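See structure below.
We did not get these values from a lab; they are worked out from the coordinates using the rules stated. Nothing here was measured: the structure is a model prediction, and the numbers come from that model. Note that we place each Cβ from the backbone using ideal geometry, even for glycine, and neighbour counts take in every protein chain shown.
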Number of protein chains: 2
Amino acid sequence: MQRRDFLTTSALGLGALSLTGCYKEEDKKSININRGRKVALKLATSWPAHFPIMGTGVDDFASQCGKLSGGSLEIKVYPKNILVPALQVFDTTSLAQIDAFHSGVYYWKGKNSAFSIFGGMPLGLTSEEMITWMKFGGGLELWRELYAKFNLYPLIGGSTGPQMGGWFKKEINTLADLKGLKMRIPGLGGEVMKKLGVNPVLLPPGEIFTSLERGTIDATEWVGPALDSMMGFAKAAQYYYTGWHEPGSILEITFNKNRWEKLSNEHQAIITSATEAMTGNMIHEFRYKNAKALQELPKEVQIKTFPKEIMDSAKIALQEVLEKESKKSEDFKRVLQSYNEFTALNKPWDDISTKNFLEIRG
Amino acid sequence: MQRRDFLTTSALGLGALSLTGCYKEEDKKSININRGRKVALKLATSWPAHFPIMGTGVDDFASQCGKLSGGSLEIKVYPKNILVPALQVFDTTSLAQIDAFHSGVYYWKGKNSAFSIFGGMPLGLTSEEMITWMKFGGGLELWRELYAKFNLYPLIGGSTGPQMGGWFKKEINTLADLKGLKMRIPGLGGEVMKKLGVNPVLLPPGEIFTSLERGTIDATEWVGPALDSMMGFAKAAQYYYTGWHEPGSILEITFNKNRWEKLSNEHQAIITSATEAMTGNMIHEFRYKNAKALQELPKEVQIKTFPKEIMDSAKIALQEVLEKESKKSEDFKRVLQSYNEFTALNKPWDDISTKNFLEIRG
């Protein structure tokens, strides 16, 4: 089409219009009250400055909040240890010493074991399924109810997508190969591995590579090809196992609840929309960068899948872990029940849609 | 934690701070220039008013734009045939008679055969993969370049997630069972089916059920359990086949390009963020409502998967269709090349992550 045609075409005779104005007048009023009042918030993260995907994701989120609000909402991002130590962001926000944080939900199971379920479940839901449970299956309401006891208000702040099972110095062919293995693996995945004979070890990120290289540990999980490549694990371990223990880890942008409630409706809407956009973008970025990094792994790396014997045992071990936690905590039991109800609803559909399609595609 | 503790806790000694202000001063300036000027846009859709998921999704998008902009951006949604006929929204927006539309990209292959690839590919990428190709693999740039020739600027405006293969009155066991079958199936999927001996039929939505019930057609595809249930297909056909031809159909919110370029940076950012949030929300809503509707299908309905023989033939037929289109159109060839490059990058990663995980999960 020529630009000239475009400019000279006359308007349609529109006739009588039945408008579906989706914008309500009362919303407009409540918004305008707060417009103009500038709000500055401090947000601390558990990642180094501009850390790929997670760190740059929260940078973009903050920048978006500024743009969307016409400059009235300024979120200052403080990388880990600048204002607050990486694993103190929960307490510091709870105490209103900062306004918000960006982190992984799996870090807070010491506060309440039920929180580990909001962070993701070994052998459980994928990112898309986790978010669907949160939004439509009651997960988010439960999360907010339990975080409210800490004066916190959580929003989904991204997801890593499916993670890999980890780097092993020796090939794993049978359950016996796992016995006594020292592996850096945290969370519920670590507890399952422990039941299979592994000795789960916790190490700060800066010490993992050296420990693996020197043989102080025999294996480590981290995230996926994109972030694992930066750690150099391929130089210290040859066998890279596919994932089972973190199929859909959820990250969070969590506010001090009193601070959240004092924000205008408009700023709340902006933050909510920006986190939703951020979550999709992070999943897509992880997919792309994992695919790229996988292509560029050294040739010596062998991609392996755990034998069925091990995964079957892991499923049994997981149920034992979940039963034990349910007996210890009413909260855990209640969140697990909601999670299981959604899983039961979701699985028949996923089996005949995504799973079936990926099999057909081959 | 007690509220009293929370209120009386003293602030941290924060010490010297190294701030990473992610908000740039120049952004703020450009935003404030346009603040206060109210913009009203007309957006027409190809769906009935408040049509489930797609229609309510665009309603929410419009409402969000109002909220995020503090009332300065008002998008009025016109359902199909109110202002513009359902399939005239492309031309009407191109001619600047309205400002924008919400529709499915697959409708416009008559304008340029390459557009069908942006709408989704039989046996191809899932929604998450399509969006990753768009954002990181060059798909969106190509889409915008080709739409610019029509004075249009497209944004991803949701996705249906994986669709079902359709409702059949008779069971399909061999390729021979497809010969001469009359099926309502549009797009590239229809062309593939044609090569397998099917007689693809186009019918307006209002006529599909009656045609199926009376046997004027033998089969029809539509979307998935949530929307198919509303059409009552289960009363007219017993065999419900799993999907292969629309694994990740992309919807669009597309603007008249001149109108888009005249919007302030802030309104562009608001619309972009709102479409990104909308896209995630729609995929999650489809997943949840499809799972619910599947559970509630009449017991007589039998879920079936096409035999491998048929899917193998469909893959060969698809390649023939794509080669033919590539010879006819440089645009089609170029978009297909970009799509194929991303597919080649993505598949090894998807095979060892999502696909492998769903197999392990069982």
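A:K235: which lysines have alpha carbons under 16 Å from its alpha carbon, excluding same-chain residues fewer than 8 sequence positions away? Straight-line reach from A:K235, under 16 Å: A:K169, A:K170, A:K299. Candidate cross-link partners of A:K327 among the lysines, defined by an alpha-carbon separation under 25 Å and a same-chain spacing of 8 or more, comprise A:K109, A:K111, A:K149, A:K194, A:K195, A:K315. In a reduced charge model with +1 at each Lys and Arg Cβ and -1 at each Asp and Glu Cβ, chain B shows a dipole moment near 580 debye about its Cα centre.
Normalising by residue count, segment A:261-362 has a Cα convex hull of 226 Å³ per residue. Kirkwood's formula applied to the C-alpha pairs of segment B:92-210 gives a hydrodynamic radius of 16.4 angstrom. Entry for chain A at q = 0.10, 0.14 Å⁻¹: log10 I(q)/I(0) = -0.70, -1.24, Debye formula applied to identical alpha-carbon scatterers, no solvent contribution. A Förster radius of 35 Å, combined with the Cβ-Cβ distance separating B:D312 from A:I316, puts the computed FRET efficiency at roughly 0.40. Taking loop as defined by DSSP and a crowding limit of 15 other beta carbons within 10 Å, which trypsin sites (Lys or Arg not before Pro) in segment B:59-143 fit? Hits after loop and neighbour filter: nothing returned.
Along Cα→Cβ, 7 Å out, is where each label goes; now give me the distance between the ones at A:L87 and A:D177 in nm to one decimal. In this crude label model, A:L87 to A:D177 measures out at 3.1 nm.
Taking Cα centre as origin and charging only the Cβ of basic (Lys, Arg, +1) and acidic (Asp, Glu, -1) residues, the dipole magnitude of the protein assembly as shown rounds to 940 debye.
Annotation: the antiparallel percentage among DSSP beta bridges lying fully within the protein assembly as shown is about 50. Would you mind telling me the antiparallel percentage of the DSSP bridges in chain A, rounded to 5? Among the beta bridges of chain A, antiparallel pairing accounts for roughly 50 percent. Taking the square roots of five times each eigenvalue of the Cα gyration tensor of the protein assembly as shown, the equivalent ellipsoid has semi-axes of 41, 35, 23 Å, listed largest first. Basic side chains Lys and Arg get +1 at the Cβ, acidic Asp and Glu get -1 at the Cβ, and with that the dipole of segment B:93-184 about its Cα centre reaches some 460 debye.
Distance from the C-alpha centroid of segment B:72-91 to that of segment B:46-69: 12 Å, rounded to the whole angstrom.
Note on A:K194 and B:E296: their simple-model spin labels are 4.4 nm apart, each label 7 Å out from Cα toward Cβ. Work out the charge dipole of chain B with +1 on the Cβ of Lys and Arg and -1 on the Cβ of Asp and Glu about the Cα centre, then indicate which of B:S113, B:T272, B:F255 is farthest towards its positive end. Farthest along the dipole direction, towards plus: B:F255. A dipole drawn for segment B:109-200 from +1 and -1 charges on Cβ atoms has a positive end, and of B:G139, B:S127, B:A176 the residue lying farthest that way is B:A176.
With the helix formula -39500 (n - 2.57) applied to DSSP H stretches of n ≥ 4, chain B reaches a computed 222 nm mean residue ellipticity of -14500 deg cm²/dmol.
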